[in-house]
Every structure is written in C-alpha cells, then in structure tokens.
Number of protein chains: 2
Amino acid sequence: MLTAAPDTASQILDIAERLVQTRGFNAFSYADIAAELHVTKASLHYHFPTKAELGRHLIDRYRTAFVAALDRIDRSGGDSNAKLRAYVQIYAEVLDDGRMCLCGMLAADYVTLPPTMKEAVRGFFDANEAWLAETLRSGRKKKELAFAGSPVAAAQALVGALEGAMLVARMHANPARFRSASRRLLAAYAAGSRASRAAAPA
Amino acid sequence: MLTAAPDTASQILDIAERLVQTRGFNAFSYADIAAELHVTKASLHYHFPTKAELGRHLIDRYRTAFVAALDRIDRSGGDSNAKLRAYVQIYAEVLDDGRMCLCGMLAADYVTLPPTMKEAVRGFFDANEAWLAETLRSGRKKKELAFAGSPVAAAQALVGALEGAMLVARMHANPARFRSASRRLLAAYAAGSRASRAAAPA
DNA sequence: GTCTATAGGTGGATAGAC
DNA sequence: GTCTATCCACCTATAGAC
C-alpha cells in the first residue's frame, strides 16, 4: 500500500495540525504555515478560505484517523485490558512527538472557537467516550475488567484524566510521567487487581 | 477582617485572571481589560508594563491564594480523605464559575509563554504536587488512605487527572461531570474501599 | 494554483501632556 | 495615575494578474 505524494491541502493540514497541537489555535497564523511550506499566505486561502474552515478540516481528519485506530484495536483480537493499553498508547505516541492531543488543546481554546469547530471538538470526545464506554461495558461483562458505576461515567472520567495527564506531562517535557499516570489509571479497571471495585457510582 | 477597597492593580488582575481562565493567555488583550475597567490601554501599561509581567503577577497571586487554601485544609482537622475532598472542592468551585484552573489553562499555552511565566507555572504545579504527595504519604501511614506506588507519582497522576477532568467538563459546560470524575478518582485512594490497592508502582 | 499587493483591523507598547 | 495620540508589527482575508 503506497503512500500517495501528499497534495498541498494535506501538507497544509499536516503543518497546521502540529502548530495547533503545540501552540494552540489562537497562537498560530497563516504566516507560520506559509513560511514552513514556502508559499504565500494567499495560496493558503485558496485551499482553506478561512481559518475556521481550516480548523474544521483539521478536527475531521484527526477524528477519522482516531476512529480508524480504534477500529484496528477492535480487530486486533486482544482482551479488554490489551485494548485499553492500546488506546492509551495512541495518546502516548502523540505525546512522544512533543504534541498535545489536538482536541485536548482545542478544549482549552474552546470558548474562542468558531461554532462549527466547537461542534466538531465535542463530536471527537463523544466518539472517544462512546468507544471507551462500549469497551468498558463489554470488558466488565466478560469479567476482564471490573469497576463501579456506569461505563459511560467511567469512560468520561478516563478521557479527561488522560487528556490532563498529557497536558501536564507535555509541560514538563516528560512523556514518562504520562505513562506512569496512565498505568495507574488503567490499573483501577483491571479485574485481576484489587483496585477494581471502586467506590460508589456517579 | 474587612476587605479593603480594591486598588486598580488588583482590579486589573481580577479581570485578567478571569480572561486567562476562560480564553487563554493568547486570546485576551489589554483592550479587553481596558474596556471592562473603563480605562485606556495606556493606563494598564502603567501598572503592568508588559503582558509577560502581568502574567507573572497573575500566577504568583493565584499560587499564593492556592497555598493559603491548602494551609486552611491542613488546619481544618479533617482526616486524609476529607482533606482530599476539600482539595478537589477548590477545583470544583473554580469550575462552577465557568473557569478553568489558571495554571491548567497556562499549561495548554505553555509553549508560547515568556520564560518567566513558564517557570512560574511549573512552580504552581510543583507546590500542588508537593502538598498532595505529603497528604497522600501521611494518609497512607495513618491507614486512612491506601494506594500503590510512591506518593509523588500518585500526586502527579491525580493533579493531571483533575486538570483534565476540569478541561473536559468546562467544554461541556457540565460541572457535574467533574464531580463525578473526581469522586471516582478519590475513591481509588480511600482505605475503606476495595479500590485502594492499585497496580504496580510507577 | 500561486503570485503581488493591499485592505482593514487589532496586537503590545511608548511619548508626553495633564 | 490617567489621558490622547501614535508607532509598528502582525493578523485574517480579498482582488486581480499570471
């Protein structure tokens, strides 16, 4: 399966994505992309007329790639604990590249985002939490996982915790910190450990 | 104990603080503060010559207030579980006001911050984690808490998880979500629950 | 599709009167 | 301490030639 030569639009998205993940949506400009891609700002506006549209495409592409990764995990045949570890690994690899999760970063910028982007960011988290909730639900049913309360509430807590662990670890330029924190988080869901039957449901 | 009439500098900090907590450091301007305080931008520069200095003062004040709150918790006489609940409550009240933690927000903006602000943000987290680590350590010693691994690693994981829970809950304009997530997090440390002896140390 | 040129606005910051 | 006036850099976005 060959990788096609990247068209200009994809190259723009690649650069913009990294800029948003490192600096945030309000702290990068068309000029930054133009300089890196060796084109003028006007050329960028041909591909993405407004910054809001560029942002929207960024989120859509990111979400599609994320969902594809989740599908691969589902098809990998591992048990629920392995699935959760693979899920965390997605985050870890982003962080190893010195980046924050795109939508975690946009969650911080949320108040200032154009309405279309707000909606798309929420959609990313909804998709994430839906996958996690289903994974947690079926894992508990199979007794591979054990936890208190609803799978949905547990999924929401886990997503938030991972995003925060990423945020702090990136600040300290210390990916090991994320792995330590995520190991601790997942341990609370493993059926084997005595950490599993947590407190009252939410 | 009377509250003194707020001087201009404090009023500026109050407004700037809320703007940073809601919009981020790069998404507010002197013009925003000036409009709200009904003064000119030039007046603001008399009190805080540069935005970097304003930001530095914001962090220092926030940290001082936070440390004071932690001292009050220590003097409250509650057990370790009550202390942790009171700690989480500090976050919850900020969120109830529609705000993100000041330094959690600045952690997202971290790459773009002036060096003096970067240092101050790290200092805030260090102080937080030091208090939490000591609270966890002594709580485990007194058998009020139970958890695996070092108190420092546990404190780091907890701080990250709370910041992330805040970030996501604020995006959804749903403070209840934060309370649900934080309850779940704290449950993993209570000695009474079977959730306490978590997996391998980090 | 990419360019030059520019519009129209806002950013942080300064000089100097009052 | 606060004001008016201003500077210059940067922002997103557009018009129109090639």
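The set of residues in the stretch B:44-64 being of a type in the set (A, V, I, L, M, F, W, C), away from DNA strand D (no atom under 15 Å from the Cβ) and crowded, with 20+ Cβ neighbours inside 10 Å consists of B:58, B:59.
Look through B:107, B:82 and report the one residue that is out of contact with any Lys or Arg (no Cβ under 7 Å at 6 or more places or on another chain) and crowded, with 18+ Cβ neighbours inside 10 Å.
Details: B:82 fails: crowded, with 18+ Cβ neighbours inside 10 Å.
When all the criteria are applied, what remains is B:107.
Could we say that residue B:81 is away from DNA strand C (no atom under 16 Å from the Cβ) and either among the basic types (Lys, Arg) or within 14 Å of chain A (Cβ to nearest Cβ) (or both) here? The answer is yes for residue B:81. For the stretch B:105-124, a residue qualifies if it is within 18 Å of residue B:165 (Cα to Cα) and not hydrophobic (A, V, I, L, M, F, W, C), and exactly one does: B:109.
For the stretch A:14-26, taking the residues that are away from chain B (no Cβ under 14 Å) and over 15 Å from the mean Cα position of the chain (by Cα), the one that is surrounded by the fewest Cβ atoms within 10 Å (Cβ to Cβ) is identified as A:14.
When you go through A:139, A:123, A:160 one by one, which is the residue that is of a type outside the set (S, T, N, Q), modelled with pLDDT of 95 or more and closer than 16 Å to residue A:86 by Cβ? Give the steps one after another, and end with the answer.
On the way: A:123 fails: closer than 16 Å to residue A:86 by Cβ; A:160 fails: closer than 16 Å to residue A:86 by Cβ.
The unique qualifying residue is A:139.
None of A:41, A:51 is at negative phi and in contact (Cβ under 8 Å) with a residue 12 or more places away in the chain except A:51.
With respect to the conditions (1) more than 15 Å from DNA strand C (Cβ to nearest atom); (2) more than 30 Å from residue B:155 (Cα to Cα); (3) surrounded by 15 or more Cβ atoms within 10 Å (Cβ to Cβ); (4) without any contact (Cβ under 8 Å) to a residue 24 or more places away in the chain, residue B:11 falls short on a single one, namely (4). Among the residues making up the stretch B:27-43, those that are more than 8 Å from DNA strand C (Cβ to nearest atom), surrounded by 14 or more Cβ atoms within 10 Å (Cβ to Cβ) and in a helix (DSSP H, G or I) are B:27, B:33, B:34, B:36, B:37, B:43.
The values are calculated or read from the model by the stated rules, or taken from the named source; none is laboratory data. If you're wondering where the values come from, they're calculated on a predicted model, not measured in any experiment. Counting neighbours? That spans all protein chains shown, and the Cβs are built from the backbone with ideal geometry, glycine included.
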